[in-house]
1. From the phi of every residue in the stretch 139-150, what ³J(HN,Hα) in whole Hz does the Karplus formula 6.51 cos²θ - 1.76 cosθ + 1.60 yield, where θ is phi - 60° and glycine or proline is x?
2. Helix-only estimate, please: 222 nm mean residue ellipticity of the chain, summing -39500 (n - 2.57) across DSSP H runs of length 4 or more and dividing by its residues, to the nearest 500.
3. Quick check on the chain: of the DSSP beta bridges with both residues there, what percent are antiparallel, nearest 5%?
4. Dipole magnitude of the stretch 165-269 about its Cα centre, charges +1 at Lys/Arg Cβ and -1 at Asp/Glu Cβ only, in debye to the nearest 20?
5. GNM on the chain, C-alpha springs below 10 Å: top fluctuator among ILE247, ILE280, ILE236?
6. Collect residues whose amide H, placed 1.01 Å from N in the peptide plane, falls under 5 Å from the amide H of TRP22; neighbours closer than 5 in sequence don't count.
7. Give me a comma-separated list of calculated 3J(HN,Hα) values for the stretch 237-252, in order, Karplus coefficients 6.51, -1.76, 1.60 applied at θ = phi - 60°, integers in Hz, x for any Gly or Pro.
8. Kindly express, to the nearest 10 degrees and within the range 0 to 90, the angle between helix 55-66's C-alpha long axis and the longest C-alpha principal axis of the chain.
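Please treat every number below as a calculation from the coordinates, not as lab data. Predicted, not measured: the structure shown is a model, and the values here were computed from it. Because the Cβ atoms are built from the backbone with ideal geometry, glycine has one as well, and the counts that use them run over all protein chains shown.
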Amino acid sequence: LKTLPKEKGWAFDEAYLYQGFWIRAQILQQIILCQHQFQARHTDVLLATQPKSGTTWLKALAFAIAHRKRYALPTHALLTNNPQKLVPFIEVNQETHQQDLADRLSSLPPFSPRVLSTHLPYASLPESVTSITNDCRIVYLCRNPKDTLVSTWHFMSKIKSSEAAYEEPLSLEEAHELFCRGASPYGPFWEHMLGYWKASLERPEKVLFLRYEEMKKDIKSQVKRLAEHIGCPFTIEEENEGVVDDIIKLCSFENLKNLEVNKSEKMLVVDCKYFFRKGIVGDWVNYLTPQMAEQLDQVTKEKLQDHGFPILFKE
Ligand code: A3P
């Protein structure tokens, strides 16, 4: 650890630059263990995101799609379990401080596919996940950096206010400055996103690249892409019977936010209700000054221009 560069963390501890990405000191050891121990199965579905890019939404959708034959309304698992619990992170345990990966994953439902998630960058994924001999699927969800920043800042302030022992949360100005320098949780934002985007071009059968803004614009076509990629395409009959629409409704912001389980449960230091704030595109205009937005746009342009990435996230 002593050899790794350090930064002020966003919430309650320092962050280290590990394999090119900023990782909270508290979870670094768990991440290294996961990199060595996690064994992907051929049927696994791994959802990858940066924090606050819509992970919870993607978890709910992928779980509902993959297990639609096992759970039906009105007793669907998502009505009584929060999505974080149904789709655990491979690298951190959100429920207890217990760190044994095998024990943790053994509590998953016994049927396949296992739907799992990660915030790890592509290059830091456990070898069994990216190996060409493993058929597991990866889905990456990306969100525009300005909304990601604002959402992360809100979320971290909430963690702070529920845990009085932690040091002062960052001001938005400080958070913006760190974000632009790449020191966001699991950042730099752009390198994280480009790693998965390039993998999705090189190995489209393995990695699907989704965007939060496109999901908000046309959820039905994105849900169908997701279902196909994870090997669970909808049949014409299912579409006609309204199965796709039911899943979209079940996983909608309004529905998930208002479920009792998502209002009242807590995972370690986080109240689950904080995973649902506004759920819209472009809320950054209410928080970032024009100068802050411009600075972030400029960094985005510089970071992405040589990579052929088609969107500059100006909106
Ligand atoms: P906002 O803070 O902008 O509202 P994550 O799940 O990666 O932690 O991301 C949280 C962000 O996704 C929050 O954004 C949250 O409101 C939004 N979100 C959560 N559930 C959602 C859903 N079902 N549909 C759309 N957005 C959702």
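1. Karplus values, whole Hz, x for Gly and Pro: 10, 10, 10, 10, 10, 4, x, 5, 5, 4, 4, 5.
2. Working: 16 runs with 141 residues, N = 315.
Helix contribution divided over all residues of the chain: -12500 deg cm²/dmol.
3. On the way: 8 of 23 bridges.
Antiparallel bridges: around 35 percent, rounded to the nearest 5.
4. Working: 14 positive and 21 negative charges, 46 e Å.
Computed charge dipole of the stretch 165-269: roughly 220 debye.
5. Taking springs between Cα atoms under 10 Å, the residue moving most is ILE236.
6. TYR186, GLY187
7. 4, 4, 4, 5, 7, x, 5, 5, 4, 4, 5, 4, 5, 4, 9, 5
8. That helix lies at roughly 20 degrees to the long axis.
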